[in-house]
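Trainee: Questions regarding the structure given below will be posed in turn.
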Amino acid sequence: MFTPQENDLLCRVEGKAPMGQIFRNHWIPACTIDEVAEADGTPIKIRLLGEDLVVFRDSDGRVGVLDELCPHRRASLVFGRNEECGLRCLYHGWKMDVDGNVLEMASEPAASGLVEKVKHKAYPVEEAAGFVWVYMGSAETKPAFEPPVFQPTPETKIAIGKIKIDCNWAQILEGAIDSAHSSSLHSSDMVPARVTNAKATKQNWLRPSTDKAPRLQVQPTSFGFRYAALRRPIANAATHDYVRTTLFIAPHTVLIPPNDQYRVAILHVPMDDTHTMFHFIAFGEAETTPDTETWRQFLHMQVGIDVEADFTNRRNRANHYLQDRQAMKAGNFTGIPGIPNQDIVMWETMGPIAERDSERLGASDLAIVSFRRMMLEAAQAFMTSGAVIGRLEPHIPQHALRSFEGIVEKALDWRKAGVSAQELAVAGDVSIGEETHRRSVSAAE
């Protein structure tokens, strides 16, 4: 049984919580580049790991991520003037640059010398793959920034869907690594078909299996873990398996199986203990990957239609998530359009933080059990030694990581299917960690 104490250790990210400290020791997405595209444009407010922050692009095009509240009297800088390479508080005219240096104190006499004594909280920033990334941990342990898994090359096309979800990050990420639910919850969008591999159309995703009870196997790695969902294919079921491998890249990324048009990644960024910014990303070749607006339309996550300008969901408990019961009677399984929206109903109705001690898990929950145990061990390791999951050796560059889907002969070792030569060279033997796997299976049963 997963105890309430373990649940808090897994879920809590605010203040000095170990899980929050693990996140702080990674580069995490603060916002999309599009949200602060304009030099001297409108600042935006964000919330990360329980902190309220302001993001702005200065006159020279540099991006700053600062404490939202002015160091003087703690008024919000979101309403400040973004001008002449700094953000000026409206209250008394104090002005800060992207590094947190106080440039001017209009309310103070120059002779006071106070301007040299004050430094505002500012975090290091990088821009890549459509996001502004921020590092919130110790400067002494700051890792070099490297492009995320969804930017394997500078030319990769990236489309980002974004939405705020009113629950804890862990129950959302567990949904991303729960292969079994897709055959039920998403059955009107992930449709069985006589195809040779997963296909993407403008309306849905097709895959070559009707099997709703996949067999799961987990392989621990230095970056997190890889797991396979093995299903009976529609054709050649006696000799072949339909294999879908998913990667958990600690602490916040899931790389799910691709289709014939593009690859898919999901980012889970904790705003605080009970709110999460969720990013659903398509990436790949320019010719086959949708643009951002087309992608958001497919997901039913368009700004001004499905979500507000701040990415708050227009579907919520108060309006019953706009569920269409007539569509359900006509054959739609959920009456809720868009794959992420179907998930959101499930995640939010678990409560702000799911009560895991009341669950009854089965064999199909192996990846979820593995995730929980791995992250609990990671939190304990951080507390005792400062080790940070996702930054362990051997280091595998994210651009070398691959998920996989396809119909393969039963004799094929799924652990090597679709794995890049660079990952194999760095990681060495990819055989499963038997002890971790055994304990995970035992817990699931």
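Trainee: Looking only at the range 351-370, which residues are in contact with a strand residue (DSSP E or B) (Cβ under 6 Å, 6 or more places away or on another chain) and under 22 Å from I165 (Cβ atoms)?
Mentor: Scanning the range 351-370 gives a single hit, A367.
Trainee: Among the residues of the range 202-217, write down those that are open to solvent by less than 20 Å² (accessible area, probe 1.4 Å), in contact with a Lys or Arg (Cβ under 6 Å, 6 or more places away or on another chain) and either on the phi > 0 side of the Ramachandran plot or not small (G, A, S) (or both).
Mentor: Correct list: D211, P214.
Trainee: Only residues that are touching a residue at least 40 places away in the same chain (Cβ under 8 Å), part of a loop (DSSP other than H, G, I, E, B) and open to solvent by less than 30 Å² (accessible area, probe 1.4 Å): list them for the range 307-331, please.
Mentor: F311
Trainee: Which one is nearest to V132 (Cα to Cα), of the residues in the range 65-90 that are without any contact (Cβ under 8 Å) to a residue 24 or more places away in the chain and crowded, with 17+ Cβ neighbours inside 10 Å?
Mentor: E68
Trainee: Suppose we keep only residues that are among the polar types (S, T, N, Q) and within 24 Å of the chain's Cα centre (by Cα) within the range 218-251. Which one would you say is surrounded by the most Cβ atoms within 10 Å (Cβ to Cβ)?
Mentor: It comes out as T245.
Trainee: Which residue is nearest to G20 (Cα to Cα), if the candidates are limited to the range 332-356 and must be touching a residue at least 60 places away in the same chain (Cβ under 8 Å) and open to solvent by 60 Å² or more (accessible area, probe 1.4 Å)?
Mentor: Checked the range 332-356; the qualifying residue nearest to G20 (Cα to Cα) is P352.
Trainee: If you go through the range 161-169 one residue at a time, do you hit one that is loosely packed, with under 15 Cβ neighbours inside 10 Å and over 30 Å from S209 (Cα atoms)?
Mentor: no
Trainee: Give the range 397-414 a look and list any residue that's open to solvent by 40 Å² or more (accessible area, probe 1.4 Å) and outside any strand (DSSP E or B), or say none.
Mentor: Within the range 397-414, Q398, H399, R402, K410, A411, L412, D413 meet the criteria.
Trainee: Something else about it: What strands (runs of 3 or more DSSP E) lie completely within the range 196-262 and have 2 or more residues being more than 17 Å from P397 (Cα to Cα)?
Mentor: Output list reads 205-207, 215-220, 224-231, 240-249.
Trainee: To continue, here is another question. When you scan the range 285-306, how many residues do you find that are open to solvent by 20 Å² or more (accessible area, probe 1.4 Å), farther than 23 Å from I44 by Cβ and touching a Phe, Trp or Tyr at 6+ places or on another chain (Cβ under 9 Å)?
Mentor: Counting residues in the range 285-306 that are open to solvent by 20 Å² or more (accessible area, probe 1.4 Å), farther than 23 Å from I44 by Cβ and touching a Phe, Trp or Tyr at 6+ places or on another chain (Cβ under 9 Å) gives 3.
Trainee: Just give me the residues in the range 267-276 being open to solvent by 10 Å² or more (accessible area, probe 1.4 Å) and part of a strand (DSSP E or B), in sequence order.
Mentor: M271, D272, H275
The values are calculated or read from the model by the stated rules, or taken from the named source; none is laboratory data. Note that the structure is predicted; figures quoted are calculated from it, not measured. For neighbour counting, all protein chains shown are included, and Cβ atoms are generated from backbone atoms with ideal geometry for every residue, glycine included. Areas reflect the complete protein model, heavy atoms only, side chains present, ligands, DNA and RNA absent. Shrake-Rupley method; radii C 1.70, N 1.55, O 1.52, S 1.80 Å.
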